[in-house]
Amino acid sequence: MPHLENVDVHALAPQRFREVIPADRYDKFAEAFARAHTLLEGRVVWNVNSTAKGGGVAEMLQSLLAYAKGAGVDARWVVIEGDPDFFSITKRIHNHLHGAGGDKGELGDREHSAYEHTLEANGTALLEEVKSGDVVLLHDPQTAGLTRVLKEAGAVVIWRCHVGLDMPNELARGAWRFLTPYITEADAYVFSREAFQWEGLQENKMNIIPPSIDAFAPKNQEMNRATVDAILTATELIEGDRSARPTFQKVDGSEGTVSRKTQLFDLPPLQAGARVVTQVSRWDRLKDPLGVMHGFAKHVPASSEAHLILAGPSVEAVADDPEGAEVLAETHSAWQQLPAASRERIHLVCLPMEDGAENAAIVNALQRRAEIVVQKSIAEGFGLTVAEAMWKGRPVVASRIGGIQDQIEDGVTGSLIEDPHDLAEYGAALVGLLEDQSGAATMGKAAQERVRDAFLGPRHLMQYIDLIGKLIAGEQQQQ
């Protein structure tokens, strides 16, 4: 039987959102979490996914479950186990859902058999803990095959798909055909945006719930420039005063300290006063690190005095992404082939992942240190890094794809690139903001207000409370 990882989540008081959202909206939130406490009494709300760290899903779960627990809900998080073959198959599904070929492999009978074998064992282990009447949220392709066994056990099951494609191609539809038989018995499906809903699923089960960020988490909490510089100096990313304290607040309220070094490839730390453009994302071809790098090298002149930091997690730490090391190696190889003058302005960085809170604080400091944050993805389910950067008051240059276009109003809260493959358009957007610092600051302020209005946890939690309430009411009517 596989080992299920029960992820520890600290309870957080939802009342803290009084600090960051308008009073009328907070009052509605308070009413919702009071209702949730009554609605879910005697039930456990389980969240099941395939990794406890690395990527936006794990970050959202850590935050949303903490506030649910703080509202008196018995919310728990379980991570399933799989072998390399299982994660190669689910990465292939992930790529295909984005319309990308990935490793060019099949999704046929052998893959169905391997997928089902892994999830059958995980399902048996889950039934040792999940009871009739519990609510289970299954996240993404890795968990879809658990739906039937949990429904047979009497659970209310919601399948949550965090990825998608605005205009599906045959690869995406092939992934839908692979997954659809596994999820048909779910009580509800949740997608990030309307365009991502699959053909052939029951319309009355469809729900749209965009993701959110946690304003108080180490990745997004307020951080002054002295602390930003202290953290990036401690990681040896920039030169600075080593006597300054690189501290941040952990989720439990205690003080954390950044002490681990980043892996900075082939270049010394940046000078303290360097102008910085940053993209922080997993080492994934769909995040287009090669395009980000080549577009900057070719279209952002040295006279701008700007440096690009292309950062991602240490590739050994993200268990469910077997392609990460390959993409990092490809990016580093391409960097080595750039002209020397370009290499000096482009910095490839792997961030330590041993401590999730420390990693988040480093990302926070990186985004706050940047004048512009980039997310030039080729495909994107939502792009939480966009909302994170916007919350920090930074203008974002990003592709007009997926959920990114739901966050950024072009020219007002950021700059959207019409064609993710158009490196000249990308470079021009960067140059325009680098040359107009006042306009960039105005855009950053508007971006922060956009996140306050639409992409913080209270809206997200209220939508889930409404959905679960509807499903429980339907279950009770059938009894």
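Averaged per residue, what accessible surface does region 66-207 expose to a 1.4 Å probe, in Å²? Don't skip to the answer; put the middle values down first.
Numbers: 5470 Å² over 142 residues.
On a per-residue basis, 39 Å².
Under the rule that an exposed site lies in a DSSP loop and has at most 10 other Cβ atoms within 10 Å, name the longest stretch of the chain with no trypsin sites (Lys or Arg not before Pro) of that kind, not counting the sites themselves. Present the calculation step by step, with values, prior to reporting the outcome.
Values: sites that count: LYS104, ARG242.
Here the longest segment lacking exposed loop sites spans 243-479.
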Report the far tail of the P(r) of the chain, meaning the percent of Cα-Cα pairs longer than 36 Å.
27
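Would you mind telling me the share, in percent, of accessible area of region 434-479 contributed by carbon and sulfur at probe 1.4 angstrom? Can you show the working numbers first?
Details: 1130 of 2410 Å².
That share works out to 47 percent.
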Through the Karplus equation 6.51 cos²θ - 1.76 cosθ + 1.60, θ set to phi - 60°, convert the phi angles of region 384-390 into ³J(HN,Hα) values in whole Hz; use x for Gly and Pro.
4, 4, 5, 4, 4, 5, 4
Give me the accessible area of THR247, 1.4 Å probe, in Å² rounded to the nearest 10.
30
With angles folded into 0 to 90 degrees, how steeply does helix 457-478 sit against the dominant principal axis of the chain? Use alpha carbons for both and round to 10.
10
Sorting ILE468, ALA357, HIS421 by the position of each Cα along the dipole of the chain (Lys, Arg +1; Asp, Glu -1; all at Cβ), the one nearest the positive end of that ordering is ALA357
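Under the rule of -39500 (n - 2.57) per DSSP H run of 4 or more residues, summed and divided by the residues of the chain, what mean residue ellipticity at 222 nm is obtained, to the nearest 500 deg cm²/dmol?
Values: 16 runs with 201 residues, N = 479.
Value at 222 nm, helices only, nearest 500: -13000 deg cm²/dmol.
May I ask you to give the percent of accessible area on region 205-298 that is carbon plus sulfur, with a probe radius of 1.4 Å?
Values: 1910 of 3940 Å².
Heavy-atom surface of region 205-298 belonging to carbon and sulfur, 1.4 Å probe: 48 percent.
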Name the residues whose placed amide hydrogens come within less than 5 Å of the amide hydrogen of TRP77, ignoring near sequence neighbours (fewer than 5 apart) on the same chain.
VAL7, ASN47
Accessible area of MET462, 1.4 Å probe, to the nearest 10 Å²?
40
Sort out for me the Cα centre separation of region 272-298 from region 1-52, rounded to whole Å.
34
C-alpha long axis of helix 109-126 to longest principal axis of the chain, angle in °
70
Using alpha-carbon coordinates, inclination of helix 225-234 to the longest axis of the chain, degrees:
90
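Considering all alpha-carbon pairs of region 128-246, what whole percent are spaced by more than 18 angstrom?
Working: 4440 of 7021 pairs.
Value for region 128-246: 63 percent of Cα pairs lie more than 18 Å apart.
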Under 5 Å from the placed amide H of ILE417, counting only residues 5+ away or on other chains, we find ALA398, SER399, ARG400
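Find the accessible area per residue for region 314-405; the probe is 1.4 Å, ligands and nucleic acids are left out, and the unit is Å².
Working: 2460 Å² over 92 residues.
Dividing the accessible area of region 314-405 by its residue count gives 27 Å².
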Hand me the GluC sites (Glu not before Pro) from region 139-211 located in a DSSP loop with no more than 11 other Cβ atoms within 10 Å, in residue order please.
GLU199
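What pairs in LYS298/LYS376; LYS53/LYS376; LYS53/LYS261; LYS287/LYS392 have C-alpha atoms more than 25 Å from each other? Show your work: numbers first, answer last.
Numbers: LYS298/LYS376 15 Å; LYS53/LYS376 23 Å; LYS53/LYS261 19 Å; LYS287/LYS392 21 Å.
Violating the 25 Å limit, Cα to Cα: no pairs.
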Net dipole in debye of the chain [+1 Lys, Arg Cβ; -1 Asp, Glu Cβ; about Cα centre; nearest 20]
980
Which loop GluC sites (Glu not before Pro) in region 406-464, with loop taken from DSSP, have no more than 16 other Cβ atoms within 10 angstrom of their Cβ?
GLU409, GLU418
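The values are calculated or read from the model by the stated rules, or taken from the named source; none is laboratory data. Just so it is clear, the model here is predicted, and its values are computed rather than measured. When we count neighbours, we look across all protein chains shown, and the Cβ atoms used for this are built from the backbone with ideal geometry, even at glycine. Side chains included, ligands, DNA and RNA excluded: accessible areas come from the protein's heavy atoms. Shrake-Rupley method; radii C 1.70, N 1.55, O 1.52, S 1.80 Å.
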